[in-house]
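Inspection log for the structure reproduced underneath, given as structure tokens.
The values are calculated or read from the model by the stated rules, or taken from the named source; none is laboratory data. Just so we're clear, the structure is a prediction, and the values are computed from it rather than from any experiment. Glycine gets a Cβ as well: all are built from the backbone with ideal geometry, and neighbour counts include every protein chain shown. In case anyone asks, the SASA skips ligands and DNA or RNA and just uses the protein heavy atoms, side chains included. Shrake-Rupley method; radii C 1.70, N 1.55, O 1.52, S 1.80 Å.
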Amino acid sequence: MWSILGAGTAVTCWFCNEKTRLPRSPSDCDTKHNWHCDHCQNQNVRDRNGNIVDSHPDMYRESPIPARAQLPEHEPTQQLFCSSCQRNQELICQILSAYLPDEDDPEYQDRYEHAEEYEQSLKRRYPVVCRSCQVKGAG
């Protein structure tokens, strides 16, 4: 309803090319330079000049990112994982898919040797299963 009224700024996701308006609700904290796409679940980050940022400080934080206010933490569905767990799983896959450079890159061997350690650090930052989903999965 909020976006139907024409409030906010039009943005286009650079992953899926879907358009949306920000803010989507009065409590939405997304900005045109840093927003989460509800269509493909990717984070769109741009610098002050509007250029795409493929590496963001949140990717390197030791603590998990806070849950997004506009998405329910645990949806009442038949799915095994809530939207937060699914988003973290997708984020880890996306980050890992871009981690290794080409084999002829000078950084390849070092990154290859540290890939498992890097994956574990991502799983600490972005937990793949929350407590509620662990309980739901065990039951």
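Just a few scattered comments:
- Note on the stretch 107-139: residues that are closer than 21 Å to residue 88 by Cα and open to solvent by 80 Å² or more (accessible area, probe 1.4 Å) total 9.
- Selection of the stretch 1-34 for residues being modelled with pLDDT of 70 or more and among the β-branched types (Val, Ile, Thr) yields 9, 11, 12, 20, 31.
- Meets criteria (open to solvent by 60 Å² or more (accessible area, probe 1.4 Å), of a type outside the set (Val, Ile, Thr) and at pLDDT 80 or above) for residue 43: no
- Sub-7 Å Cβ pairs linking a first residue in the stretch 96-122 that is closer than 20 Å to residue 54 by Cβ to a second residue that is acidic (Asp, Glu) and in a loop (DSSP other than H, G, I, E, B), at least 6 apart or interchain, are 101/107; 108/102, ordered by first then second residue.
- Lone unmet requirement of (1) modelled with pLDDT of 80 or more; (2) within 25 Å of residue 11 (Cβ to Cβ) for residue 106: (2)
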